[in-house]
Each structure stands twice: as structure tokens, then as C-alpha cells.
1. In contact with a strand residue (DSSP E or B) (Cβ under 7 Å, 6 or more places away or on another chain), surrounded by 13 or more Cβ atoms within 10 Å (Cβ to Cβ) and more than 20 Å from residue 107 (Cβ to Cβ): does that describe residue 72?
2. Among (1) on the phi < 0 side of the Ramachandran plot; (2) surrounded by 14 or more Cβ atoms within 10 Å (Cβ to Cβ), there is one condition residue 95 misses while meeting the rest; what is its number?
3. Mind listing just one residue for me: the one in the stretch 76-86 that is touching a residue at least 24 places away in the same chain (Cβ under 8 Å) and surrounded by fewer than 19 Cβ atoms within 10 Å (Cβ to Cβ) and, of those, farthest from residue 28 (Cα to Cα)?
4. Taking into account only those residues within the stretch 29-48 that are crowded, with 16+ Cβ neighbours inside 10 Å and under 14 Å from residue 84 (Cα atoms), which is nearest to the chain's Cα centre (by Cα)?
5. Counting residues that are modelled with pLDDT of 95 or more and within 15 Å of residue 9 (Cβ to Cβ), which strands (runs of 3 or more DSSP E) fully inside the stretch 39-112 reach at least 3?
6. Residue by residue through the stretch 1-17, note down the ones that are part of a strand (DSSP E or B) and exposed (fewer than 13 other Cβ atoms within 10 Å of the Cβ).
7. Any residue at all in the stretch 16-23 that is at pLDDT 95 or above, within 17 Å of residue 95 (Cβ to Cβ) and under 11 Å from the mean Cα position of the chain (by Cα)?
């Protein structure tokens, strides 16, 4: 089951960053010290699709795609048959589809 509170690590070719997300009822809500994340996901037969909008809330922080302060990520047809914690999602930056990002997950807690 993917619903829960997760530690996420975003990586591109040069940088990485961490935050937390809650996955619940096909919604993604989370953030870190400089950005908040809002999105949605769907799962059909162990295939996950997700879109996430990442927006800056604190000007002093930079993200892995600096100097962008708002990022839209798209994850299509991601195989999660081994469980989300054992999967690295690969997504594209909608602002520049030539740029990709990987996201790994570590479950921190089930939801109450």
C-alpha cells in the first residue's frame, strides 16, 4: 500500500534534495524547508502515474533545478510491482522534457 508519510529524495545529474510527502487518496502533499509539493497520482495494476507541482515558499532556498522556482514533474507508467520503497521513479521536467529526475522513497509512517 502506498498511502502514508514518505521521505523522498530527488536526484538529477548534478544535485539531490530531500523532503517529505503524504500520499493519500490519490493526492500528493508535502514539502521541505524551501518548497511545497502538491500533486496527484494513480495506480493501476502496479503501474503508477503522477504529476507534482513544486513551488518555492522561501526565497533563500534553491532546488535541484536552480534557478527555477516552480517545477512541474511528470511520472508516467512507473512499475511499482516491487513496492514503492524498492522502486526509483523516473520523471520528466515539464518545463524542459530533456531534463529528468529520479525519486526514491522511504516510508516513515502509515496514516492514522
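1. Numbers: in contact with a strand residue (DSSP E or B) (Cβ under 7 Å, 6 or more places away or on another chain): yes; surrounded by 13 or more Cβ atoms within 10 Å (Cβ to Cβ): yes; more than 20 Å from residue 107 (Cβ to Cβ): yes.
So residue 72 fits the description; yes.
2. Looking at each condition in turn, residue 95 falls short on (2).
3. Looking only at the stretch 76-86, we keep the residues that are touching a residue at least 24 places away in the same chain (Cβ under 8 Å), and these are 76-81, 84.
From what is left, the residues that are surrounded by fewer than 19 Cβ atoms within 10 Å (Cβ to Cβ) are 76-77, 79-81.
Numbers: 76: 15, 77: 17, 79: 18, 80: 16, 81: 20 Å.
The residue in question is 81.
4. 41
5. Here the list reads 88-93, 96-109.
6. Looking only at the stretch 1-17, we keep the residues that are part of a strand (DSSP E or B), and these are 4-11, 16-17.
Result: 16, single match.
7. No.
The values are calculated or read from the model by the stated rules, or taken from the named source; none is laboratory data. Values in this document were obtained by computation on a predicted structure and should not be read as measured data. Positions of Cβ are generated from backbone atoms using ideal geometry, with glycine treated the same way; all protein chains shown enter the neighbour counts.
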